[in-house]
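Written below as structure tokens is the structure these notes are about.
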Amino acid sequence: MTIAFIGHGYVGLVTASVFADLGNTVWVVGRTPEKIENLKKGITPFYEPGLSELVKRNVNAGRLKFTLNYKEAIVPSEIIFICVGTPPKQNGEADLTQVFTAAESIAKSLVGYKVVVTKSTVPPGTNKKVSEIIAKHKPEGSSYAIASVPEFLREGSAIDDTMHPDRVVIGTTSDRATELLLELHKTINGKTVLCNLETAELIKYASNSLLSTKISFANATALLSEKVGADAERVLEAVGLDKRLGRSFLYAGVGYGGSCFPKDVKALIAIAGEYGYDFTLLKAVDEINRKTAENFVAKIVRHFDGKLQGKTIAVLGLSFKPNTDDMREAPSIFIIHELTKHGAKIVAYDPVAMENAKPLLPRSVRFAADAYSAAKDADAVAVVTEWNEFRQIDLVKLAKGLTSLVLFDGRNIYDPAQVKQLGFMYYGVGRM
């Protein structure tokens, strides 16, 4: 097939590249000339394992094409995916401006029959509004069907998630659109869920909100574990052994972040409110997540008896999760700002996210070339993102550079007994 993607963020670029790799001709429409020119050379605008190689391979093969011109991409395409941002407004609602702008631009370029698919995360009812916009602006003689195919990729494993998803959700009331979308996805491994537009729209919010709930539950359990003297890791491990629950996302830490969980939880609270339902469960999930990062900062402040002025903290990990340079809603932002308010000096290191982090952090933050350089002459180390290179770090070598052996393990990646045996004062999350 020939297909088009509007937008080249995580969802658009990854999905476009995968479908190109499967043999389709894929157009990607962007707004920024510099980014489009870079993509034509195979230069990706963000870090995702394996993506750069995938883009280069398919650009060189002539299957992946980039343009600023809607008509160039839409005229030859059978299916057009809208993959633009839906950032949160101040009240938590999703800002759909980019979705509606894309819909109008698509409409003006329609020729013949097209399937217009919203892949962006949007509230129920959005696709019907997209249909109204297209109907208003499309040329005479053209026709279309609307579909919702939400994405479920995770940053850091986005290519594999696109190729091997747990499910492919296709929401539409058009038989012809269903057939085309099933044909496009026939080589994608995953159970197919066919439904109407509103169901597909709500599935994505419900999925992300439930995963966020598991994380907040784990963090609430960790806080209680600290108070009663339990080991949260053992508690959650045992709970996760129940096949009805599983351990996935049931890990304590410094809270969730990224472009999806915080945004989608707030959006679903707002959506529920519009329909007269007070989603108190998700309000608690959001509040627990906020307090989780606050508790981590408080732990550091307590250790120094509130006297952080002049103390140096080495912060390891800045991105909201490993294997990405995404700093959106990263817990490290709040943690570092709060520590600097208390007078701490911050030296930070992250394998790939430091450039993206710099504009978001206080100007006083220094950045190191590696974890050992960050820890040199520091009064404590705080692990905020669980990058693999931190999991088996040489703690003896790390200790040699520190002025005092204090380790705040914000992701519970170390064995407390082993760390303490090396002379460290150890602070985990929900662990003594």
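Condition check: under 15 Å from Ser259 (Cβ atoms), out of contact with any Lys or Arg (no Cβ under 8 Å at 6 or more places or on another chain) and either hydroxyl-bearing (Ser, Thr, Tyr) or assigned by TED's automatic domain parsing to the domain that holds His185 (or both). Does Val122 satisfy that?
It is true that Val122 is under 15 Å from Ser259 (Cβ atoms), out of contact with any Lys or Arg (no Cβ under 8 Å at 6 or more places or on another chain) and either hydroxyl-bearing (Ser, Thr, Tyr) or assigned by TED's automatic domain parsing to the domain that holds His185 (or both).
Yes/no per residue for (1) over 20 Å from Ala200 (Cα atoms); (2) assigned by TED's automatic domain parsing to the domain that holds Ile269; (3) crowded, with 23+ Cβ neighbours inside 10 Å; (4) in contact with a helix residue (DSSP H, G or I) (Cβ under 7 Å, 6 or more places away or on another chain):
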{"position": "Lys89", "(1), (2), (3), (4)": "yes, no, no, no"}
{"position": "Gly112", "(1), (2), (3), (4)": "yes, no, no, no"}
{"position": "Asn127", "(1), (2), (3), (4)": "no, no, yes, yes"}
{"position": "Lys138", "(1), (2), (3), (4)": "yes, no, no, yes"}
{"position": "Ser148", "(1), (2), (3), (4)": "no, no, yes, yes"}
Exclusive hit being at positive phi and without any contact (Cβ under 8 Å) to a residue 60 or more places away in the chain, set Gly423, Gly401: Gly423
Elements of type helices (runs of 4 or more DSSP H) in region 122-202, at least 3 residues being of a type outside the set (A, V, I, L, M, F, W, C) and within 19 Å of the chain's Cα centre (by Cα): 158-163
Residue that is outside the structural domain of Lys376 (by TED's automatic domain parsing) and crowded, with 23+ Cβ neighbours inside 10 Å, where the choices are Ala218, Ala206: Ala218
Residue match in region 236-255 (condition: under 30 Å from Pro45 (Cα atoms), in contact with a helix residue (DSSP H, G or I) (Cβ under 6 Å, 6 or more places away or on another chain) and surrounded by fewer than 23 Cβ atoms within 10 Å (Cβ to Cβ)): yes
Filtered residues of region 264-298 (kept if charged (D, E, K, R) and either in contact with a Gly (Cβ under 8 Å, 6 or more places away or on another chain) or under 17 Å from Thr385 (Cα atoms) (or both)): Lys266, Arg290, Glu294
Given (1) out of contact with any His (no Cβ under 7 Å at 6 or more places or on another chain); (2) over 24 Å from Met425 (Cα atoms), number of the condition Ala298 does not satisfy: (2)
Matching residues in region 394-427 - criterion: being within 26 Å of the chain's Cα centre (by Cα) and under 20 Å from Ile346 (Cα atoms): Phe408, Asp409, Gly410, Arg411
Flag for Ser131 being polar (S, T, N, Q), surrounded by fewer than 21 Cβ atoms within 10 Å (Cβ to Cβ), in contact (Cβ under 8 Å) with a residue 12 or more places away in the chain and closer than 27 Å to Val169 by Cβ: yes
Count - residues of region 61-104 that are among the hydroxyl-bearing types (Ser, Thr, Tyr) and in a strand (DSSP E or B): 1
Ile346 vs. criteria among the hydrophobic types (A, V, I, L, M, F, W, C), assigned to a strand (DSSP E or B) and assigned by TED's automatic domain parsing to the domain that holds Tyr251: yes
Where Thr15 falls short, out of the listed (1) of a type in the set (Ser, Thr, Tyr); (2) touching a residue at least 40 places away in the same chain (Cβ under 8 Å); (3) within 24 Å of Met354 (Cβ to Cβ): (3)
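Asp242 - would you say it is assigned by TED's automatic domain parsing to the domain that holds Ala330, under 28 Å from Lys89 (Cα atoms) and either touching a Lys or Arg at 6+ places or on another chain (Cβ under 7 Å) or free of Cβ contacts under 8 Å to residues at least 12 places away in the same chain (or both)?
Criteria not met by Asp242.
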In region 213-253, residue nearest to Asn412 (Cα to Cα) [restricted to those that are acidic (Asp, Glu) and within 26 Å of the chain's Cα centre (by Cα)]: Glu233
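Do the conditions hold for Leu68, that is, is it at negative phi, surrounded by fewer than 16 Cβ atoms within 10 Å (Cβ to Cβ) and in contact with a helix residue (DSSP H, G or I) (Cβ under 7 Å, 6 or more places away or on another chain)?
Details: at negative phi: yes; surrounded by fewer than 16 Cβ atoms within 10 Å (Cβ to Cβ): yes; in contact with a helix residue (DSSP H, G or I) (Cβ under 7 Å, 6 or more places away or on another chain): yes.
So Leu68 passes the test.
The values are calculated or read from the model by the stated rules, or taken from the named source; none is laboratory data. Model, not experiment: these values are computed from the prediction. Note that we place each Cβ from the backbone using ideal geometry, even for glycine, and neighbour counts take in every protein chain shown.
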